[in-house]
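Have a look at the structure below before the remarks.
The values are calculated or read from the model by the stated rules, or taken from the named source; none is laboratory data. This is a predicted model, so every value here is computed, not measured. All Cβ positions, glycine included, derive from the backbone under ideal geometry; neighbour counts span all protein chains shown.
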Amino acid sequence: MRYLASSEMAEDRKDAAPGARTGFFAKVKRGLFMTHTEILEKLGTAVKESLGIDESVLASLEEALLSADVGADTADALTRSVRSRAGASRRQDVEALKELLLEEIEKVIASAPRPGPRADVPLFVTFLVGVNGSGKTTTTAKLAAREKAAGRAVLLAAADTFRAGAIEQLQTWADRLGVPLVRHREGADPSAVLFDALSAAKARGVATLFVDTAGRLHTKKNLMEELAKMRRIAAREVPGAPHETLLVLDATTGINGLEQARRFVEAAGATGVVLTKLDGSARGGIVLAIYRELKLPVLYVGVGESADDLVPFEPSEYAKALLGDDVAH
Amino acid sequence: MFESLGDRIQGVFKELRGEGHLTDFHIETAFREIRLSLLEADVALPVVKQFTEKIREKAVGAKVAQQLSPAQEITRIVRDELRALLGGENATLDLQGKPAVIALVGLQGSGKTTSAAKLARLLKTRGRYPLVVAADLARPAAVQQLVTLGRQIGVPVFEPGKRTDPVEVAREGLREARQTGRDTLIVDTAGRLHIDEELMAQVRAITAAVEPQEVLFVADAMTGQDAVKSAAGFAAALPLTGIVLTKTDGDARGGAALSVVATTGKPIKFVGVGEKPEDFEAFHPDRMASRILGLGDVMTLIEKVEATVDADSARKLAAKTATGEFTLEDLKEQLASMKKMGPLESLIDLLPKGGAMKALKGPQSVDERALVRTTAMIDSMTPDERRHPQILNGSRKKRVAAGSGTSVAEINRLLKQYQQMRRLMRTARKGVRGLDLSRLVLPGGRGS
């Protein structure tokens, strides 16, 4: 979204790649199929039997949310909203209740600032941050592929100098995509890699720099401070940088995802979330809690392992997917 | 912030305190809270239901023992049941085969490759001769990662070379192990989704080819509700024998441990506790249960302290304490041994949560750098100054501050704390058993 220079660009992309949209659905659907049928059946039965909203229906609704990792607080809040809205007109059928819940979910998502157009700067710098194994390096490559497809010159910075093989992994992607990469030796200072990458980006006049950082648990204070330091260096070399700091979040993450997001916002200035591995059976519902508590928007979702398996986040589609709406049809 | 399981249950029990017997109302209230707290700890919904049902059966029928309050009785039941679910005793590896073959499987990013290296290192320290097979040909540079780790830990890694079929790589790896007299083969496989039938068939073929005695499912401790689905998927496709729980050094409550164990019926054999190859430990159900319940993992803390503080210097220090001769040099030594124990944050995670320890929650409360700064200040002093801090006058202080990159005010603070500590030691000369360095070490955090 923000990577696309303007709204026309976004339109172009949508028209040019209808496959991405259907791909999103198809891939997400596959995983969703397994879970919510049961709950929805229960929901339907409960509604039929009572001919109206009752607590067992709400309980089923809440369970659906809980098993999507939405978290107890957010699930409770959403269920309450539905209860108070449905209470006014009883005798709702299950579809109507689901519709209400969908609206409530979209309301939560809409409460965060909508990502605006990409800042009009000569060099747009994006950091990718997150805990170990969330998919930062793969996401960096996927984002680079998008940028390249949009016709912009891209540079990658291999600032994960800690994990063995991380540089090689990004190098492999860079070769595949045909984009340049700035790298140092393993164990080098990530800030030094960043500095060199910024200098190279300016010298070569590239439009977008993606910085792949090492995975770190949000509880490691020193490592979080390293990110803060890298931000300062970026800001010193390129005014306003990093323009975007994406928290890469694994969809299988539970409640801890909220804490991760909180700390990465505080220490690393995260501006958005990329929800990865949504092609499994996990729903990544914790992003609702993140929306609700931190107003941090999801910008992209990862739905597979190849370079084009990264699509812009679409709130209404996601809300439906969360409740397994596609299964009902 | 989410309340810990312990906080919640303790809260319930506080309400129950003073009651002579468990009424239905008590039990219902307690169970609602237990259910919620388990959900907040990321235990998957089906497992929560199964677990609370089990407890309910026991609680309803339970006669509260004379010496126990109802609250204590429920605590006991919850804790026992949690322990029973997590596995009764330490689970060991089956290393009977010649070579013993261990395969690691799991979702992408769960930590298979890192765990493969950690496990190899651990087995090496136990006198085994492992060979690690890099059979993850899907993720770019996964082989490279394993080769690098192998070099770090001094364990050979079998590389696929030009081979493109992971099944063949695994088979060749086994042959290589036999030929080179390796007694243990660890097979690292590519991450895959349990719903990806093609890749699940492939991993089945790999295990069929090398016939491992151990198939370990690698699970991320931060996983949420999906833990049940993925674990069930892998358990259905493969003869799992155990679980490796990774990334337990974060602040996740680790409910996934419960979910995975309940779903697969297999024990957790190892836990990953950090980023370094040696950050890998045997799993202790007791400790995990206590940790999830918020009772703290005091055993691990004690072990860590015992492993790092060598007995000799401890005795010497005790003697110095007794005579009141504790100098800044001794303090420095103390700080060094504290540092050896690992990040303070991870140590504090081991302490019981709640009560007095509540204030310690969150990394903000621990300033690791304070420790570094204190060490730097002492390092910048002359031996004479360390032994006789009273000679530190204005100009000496300025020099020390410049040398350590700190300020005179910080030096003063250190000296003041040192004096307080000495005074404390003198007064406590007879009774002192251990030293509370926390006040001195963390001036920015706990001390001030």
Item to complete: Could you tell me which of the residues B:Gln145, B:Gln152 is within 16 Å of A:Ala164 (Cα to Cα), touching a Gly at 6+ places or on another chain (Cβ under 8 Å) and within 14 Å of chain A (Cβ to nearest Cβ)?
Response: B:Gln145
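Quick test for you: out of B:Ile186, B:Ile243, B:Ile206, pick the one residue that is assigned to a helix (DSSP H, G or I), more than 10 Å from chain A (Cβ to nearest Cβ), surrounded by 24 or more Cβ atoms within 10 Å (Cβ to Cβ) and in contact (Cβ under 8 Å) with a residue 24 or more places away in the chain. Walk me through how you get there before you give the answer.
Values: B:Ile186 fails: assigned to a helix (DSSP H, G or I); B:Ile243 fails: assigned to a helix (DSSP H, G or I).
None of the others qualify; the one that does is B:Ile206.
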Worksheet entry | Selection from region B:224-240 of residues that are more than 9 Å from every other protein chain (Cβ to nearest Cβ) and either within 16 Å of A:Gly257 (Cα to Cα) or in a loop (DSSP other than H, G, I, E, B) (or both) | B:Leu238, B:Pro239, B:Leu240
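If a residue must be part of a strand (DSSP E or B) and more than 14 Å from every other protein chain (Cβ to nearest Cβ), how many such residues does region A:294-321 contain?
Residues of region A:294-321 that are part of a strand (DSSP E or B), as a first pass: A:298-302, A:310-312.
After this cut, where a residue has to be more than 14 Å from every other protein chain (Cβ to nearest Cβ) as well, the list is A:298-301, A:310-312.
Residues in region A:294-321 being part of a strand (DSSP E or B) and more than 14 Å from every other protein chain (Cβ to nearest Cβ): 7 in total.
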Worksheet item: Looking at region A:244-271, which of its residues are surrounded by fewer than 20 Cβ atoms within 10 Å (Cβ to Cβ) and within 20 Å of A:Pro117 (Cβ to Cβ)?
Response: A:Gly269
Discussion item. If a residue must be closer than 11 Å to B:Pro156 by Cβ, aliphatic (A, V, I, L, M) and in a loop (DSSP other than H, G, I, E, B), how many such residues does region B:116-146 contain?
Written reply: 0
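Can you tell me how many residues in region A:279-293 are away from chain B (no Cβ under 12 Å) and either buried (at least 24 other Cβ atoms within 10 Å of the Cβ) or closer than 18 Å to B:Leu45 by Cα (or both)?
Quick first cut of region A:279-293, residues away from chain B (no Cβ under 12 Å) only: A:288, A:290-292.
If we keep only those that are either buried (at least 24 other Cβ atoms within 10 Å of the Cβ) or closer than 18 Å to B:Leu45 by Cα (or both) too, we end up with A:288, A:290.
Number of matching residues: 2.
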Discussion item. In contact (Cβ under 8 Å) with a residue 60 or more places away in the chain, within 30 Å of B:Thr223 (Cβ to Cβ) and either buried (at least 19 other Cβ atoms within 10 Å of the Cβ) or of a type in the set (A, V, I, L, M) (or both): is that true of A:Asp73 in this structure?
Written reply: no
Fill in: Selection count, region A:305-314, where residues are buried (at least 19 other Cβ atoms within 10 Å of the Cβ) and of a type outside the set (Asp, Glu)
4
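So which residues in region A:81-114 are of a type in the set (A, V, I, L, M) and at pLDDT 80 or above, if there are any at all? Walk me through how you get there before you give the answer.
Just the residues of region A:81-114 that are of a type in the set (A, V, I, L, M), to begin with: A:82, A:86, A:88, A:94, A:96-97, A:100-102, A:105, A:108-110, A:112.
Hits for region A:81-114 are A:Val82, A:Leu100, A:Leu101, A:Leu102, A:Ile105, A:Val108, A:Ile109, A:Ala110, A:Ala112.
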Worksheet item: Of the conditions (1) at pLDDT 90 or above; (2) over 14 Å from B:Leu328 (Cα atoms); (3) surrounded by 12 or more Cβ atoms within 10 Å (Cβ to Cβ), B:Ala409 fails just one. Which one is it?
Response: (3)
Discussion item. For region A:204-251, give me the residue count where each residue is of a type outside the set (Lys, Arg) and either outside the structural domain of A:Gly284 (by TED's automatic domain parsing) or part of a loop (DSSP other than H, G, I, E, B) (or both).
Written reply: 15
Worksheet item: Given the conditions (1) within 21 Å of B:Ser110 (Cβ to Cβ); (2) in contact (Cβ under 8 Å) with a residue 40 or more places away in the chain; (3) of a type outside the set (Val, Ile, Thr), and given that A:Ala261 satisfies all but one, which numbered condition is not satisfied?
Response: (2)
Worksheet item: Any idea which residue in region A:212-227 is modelled with the lowest pLDDT, counting only those that are of a type outside the set (S, T, N, Q) and in contact with a helix residue (DSSP H, G or I) (Cβ under 6 Å, 6 or more places away or on another chain)?
Response: A:Lys221
